[in-house]
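Data first, discussion second: the structure below is written as structure tokens.
The values are calculated or read from the model by the stated rules, or taken from the named source; none is laboratory data. None of these values were measured; they are calculated from a predicted model. Using ideal geometry, Cβ is built from the backbone for each residue, glycine included, and neighbour counts are taken over all protein chains shown. Side chains included, ligands, DNA and RNA excluded: accessible areas come from the protein's heavy atoms. Shrake-Rupley method; radii C 1.70, N 1.55, O 1.52, S 1.80 Å.
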Amino acid sequence: GASLRAFGQYLNKSKIFGADIDKDILFQTGNIKTFYVDQLNVLSISNLKKQLPKLDLIIDDGLHQPDANLNIILELLDHLNENGIMVIEDIEDTFQDLFEILSHQISSSEKYDAQIIYGHGLSLVIRKNTK
């Protein structure tokens, strides 16, 4: 919840949503509301999506394994507003090839641009283009 609270203070006129598998740490305060989600369960992600408006920014900093990340991408990518951004953080180096292929596939559509950011760890950044 610390990063959510930081975003909540910095973006104090924005609605901030968080999600976690640990129901004991969920909270609601000011402009922040958190929800339960299991990234390995597509139905859980779909249920989360039904509770949220379209989003400008989605940061996946949850379960750092490809199946969980792919579930988030497949279920929530269409839930971005135009020019919205999805970030998949902390991709393990062993999965670099998989995410490079995924980035290329996503970018082959005119609807999205995607790229791998190389730095301290790998991140996949996807932007939804305007119509």
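Some points to look at:
- Projecting the Cα atoms of Thr94, Ile59, Leu124 onto the dipole axis of the chain, where Lys and Arg carry +1 and Asp and Glu carry -1 at the beta carbon, places Ile59 farthest toward the positive end.
- With the simple spin-label model, which puts each label point 7 Å out from Cα in the Cβ direction, the Asn31 to Asn129 separation comes to 3.1 nm.
- Trypsin sites (Lys or Arg not before Pro) lying in DSSP loop within the stretch 1-75, provided at most 11 other Cβ fall within 10 Å: Lys13
- Surface per residue (accessible, 1.4 Å probe) for the stretch 1-63, Å²: 68
- Carbon plus sulfur fraction of accessible area for the stretch 40-131, probe 1.4 Å, in percent: 53
- Cα gyration tensor shape of the chain, rounded if a/c is under 1.5, else prolate or oblate by comparing a/b with b/c: prolate
- Summarising the strand pairing of the chain, around 60 percent of its internal DSSP beta bridges are antiparallel.
- Debye, to nearest 20: dipole size of the chain, +1 on Lys, Arg Cβ, -1 on Asp, Glu Cβ: 900
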